[in-house]
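Step one of this worksheet: look at the structure below.
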Amino acid sequence: MTMASPAETAARRTAGLWAIAFLVAMFATAWFLKSGKIVAAPWGLAVMILPMLLLIPMVRATERMQRETGCASAVVTRYNRRMLVASFAYVVGLGGALLLFRQHDAAKSYAALLALLPTLPVFGMIWAMARYVIEEKDEYLRARTVNAALIATGLLLAVATFWGFLTTFEVAPAVPMWTAVPTWCLGLGLGHLIGKVRGL
C-alpha cells in the first residue's frame with residue numbers, strides 16, 4: 001500500500017473540511033429558521049441559498065483532491081457541474097413554489113404546476129447521474145459511483161420504511177415525501193465516504 005503524498009493528504013483534508021462546513025451550515029440554518037421564527041416561512045428558503053453557496057468551494061476542493069489522487073476526469077467535472085446547477089435549481093424552485101403557493105389562493109391545477117418547479121431539477125440530478133455512468137470510461141470510477149448510489153438507495157428505502165411504520169403506529173409524525181431527495185443525497189455522500197474508507 002503506497003503512502004499518500006503531502007499534497008494528496010492536504011487536498012483530502014480540505015475537501016473533507018468543506019463537506020463538513022456545508023453540512024453544518026445547512027443543518028444550522030434549517031434549525032435557526034425553524035426555531036428562530038425571525039424569517040417568515042416562504043422567505044426562509046431564500047436564506048437556505050447562503051449555505052448552498054458552500055457547495056461551490058466544496059466541489060472545487062473535491063475536484064482538486066481528485067486531481068491529486070489521480071481520480072479526476074473530464075466526465076467527473078461535467079457531472080459535478082450538472083449536479084451543482086440542478087441542486088441550486090432545486091432550492092430556488094422549492095422556494096419559488098412555496099412562495100407562489102402561499103401568496104395566491106392556488107387552484108389545484110395551478111398547485112400541480114407549482115409542484116413541477118422543484119421536481120424538474122430532481123430529473124436534472126437523475127439525468128446527471130445517468131450521463132455520468134454512461135460517459136465514464138474508467139470502470140473503477142464508475143463502479144465507485146454506482147456503489148455509492150446503491151448505498152444511498154438502500155438507506156432511503158430503509159429510512160422510509162422505518163419511518164412509515166413509526167407513523168403507522170402513531171409514534172412519529174408524517175414527513176413530507178419531498179424529503180426523499182435530501183435523504184438520498186446524504187446517502188450518496190455517505191456511500192462515497194464508505195467507499196473511500198473501504199478502499200472501493
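Got a number for residues in segment 57-81 being farther than 16 Å from residue 196 by Cβ and within 16 Å of the chain's Cα centre (by Cα)?
6
Search segment 175-187 for residues that are touching a residue at least 40 places away in the same chain (Cβ under 8 Å) and within 17 Å of residue 93 (Cβ to Cβ) and pair each with any residue that is of a type in the set (Val, Ile, Thr) and not in a loop (DSSP other than H, G, I, E, B) when their beta-carbon atoms are under 6 Å apart and the residues are at least 6 apart or on different chains.
181/122
Taking segment 153-185 on its own, how many of its residues are loosely packed, with under 11 Cβ neighbours inside 10 Å, modelled with pLDDT of 90 or more and part of a loop (DSSP other than H, G, I, E, B)?
Qualifying residue count, segment 153-185: 5.
Does residue 82 meet the test of being touching an Asp or Glu at 6+ places or on another chain (Cβ under 8 Å) and at pLDDT 90 or above?
No, not satisfied.
Quick one: is residue 112 loosely packed, with under 13 Cβ neighbours inside 10 Å and more than 18 Å from residue 186 (Cβ to Cβ)? Walk me through it before giving the result.
Values: loosely packed, with under 13 Cβ neighbours inside 10 Å: yes; more than 18 Å from residue 186 (Cβ to Cβ): yes.
Considered against the rule, which asks whether it is loosely packed, with under 13 Cβ neighbours inside 10 Å and more than 18 Å from residue 186 (Cβ to Cβ), residue 112 comes out as yes.
State the number of residues belonging to segment 69-85 that are free of Cβ contacts under 8 Å to residues at least 40 places away in the same chain, surrounded by fewer than 16 Cβ atoms within 10 Å (Cβ to Cβ) and not charged (D, E, K, R).
4
In segment 166-175, is there at least one residue being among the aliphatic types (A, V, I, L, M) and under 26 Å from residue 141 (Cβ atoms)?
no
Specify which of the listed residues (117, 98, 150, 113) is closer than 26 Å to residue 49 by Cα, in contact (Cβ under 8 Å) with a residue 40 or more places away in the chain, part of a helix (DSSP H, G or I) and of a type outside the set (Asp, Glu).
None of the other options fit; the residue is 98.
Within segment 34-53, is there a residue that is at pLDDT 80 or above, under 21 Å from residue 136 (Cα atoms), under 18 Å from the mean Cα position of the chain (by Cα) and part of a helix (DSSP H, G or I)?
no
May I ask you to list the residues in segment 2-22 that are touching a residue at least 60 places away in the same chain (Cβ under 8 Å) and assigned to a helix (DSSP H, G or I)?
Once the filter is applied, which keeps residues that are touching a residue at least 60 places away in the same chain (Cβ under 8 Å) and assigned to a helix (DSSP H, G or I), segment 2-22 yields 7, 8, 19.
The values are calculated or read from the model by the stated rules, or taken from the named source; none is laboratory data. Computed from a predicted model, the values in this text were never measured in an experiment. Positions of Cβ are backbone-derived with ideal geometry, glycine not excepted, and every protein chain shown enters the neighbour counts.
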